[in-house]
Amino acid sequence: MNPVLLHKLATVFGAATEKLPDERGDRLYRLLRAAADAAEVPGFDIIDRQVIGTFTYAKLPMVRDMQAAGELLADSDVVAAIAGDPADADPG
């Protein structure tokens, strides 16, 4: 299962994808279809074919780290200044 697809389905569409990485075969198909249908993902379809390839998303670990540290980052004056918050920017 492509971890980037799971991440996109969960974060953008709110699909319940927690159990999908451990599944295979027909059960994976049914769970993925149900998750996408429940999240109302427009244009999402599963077709009966197999694709072999390398699908990489080098930034996914960084995205997960940022999500896990969201509360810590939100409280950081340095992060706020980097993000452009004028109240936290140093004029000098």
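The values are calculated or read from the model by the stated rules, or taken from the named source; none is laboratory data. Being a predicted model, the structure only gives us computed values, none of them experimental. Don't worry about glycine lacking a Cβ; one is built from the backbone with ideal geometry, like all the others, and counts go over all protein chains shown.
Could you give me the residue pairs with C-beta distances under 7 Å whose first residue belongs to the range 56-77 and is surrounded by 10 or more Cβ atoms within 10 Å (Cβ to Cβ), whose second residue is not in a helix (DSSP H, G or I) wherever it lies, and which are 6+ apart or on separate chains? From residues that are surrounded by 10 or more Cβ atoms within 10 Å (Cβ to Cβ), the pairs are ASP77/ASP88. Pick from the range 1-31 the residues that are in contact (Cβ under 8 Å) with a residue 24 or more places away in the chain and more than 19 Å from LYS59 (Cα to Cα): which of them is surrounded by the most Cβ atoms within 10 Å (Cβ to Cβ)? Result: ALA15.
Considering only residues in the range 45-92 that are under 16 Å from the mean Cα position of the chain (by Cα) and assigned to a loop (DSSP other than H, G, I, E, B), the one that is modelled with the lowest pLDDT turns out to be PHE55.
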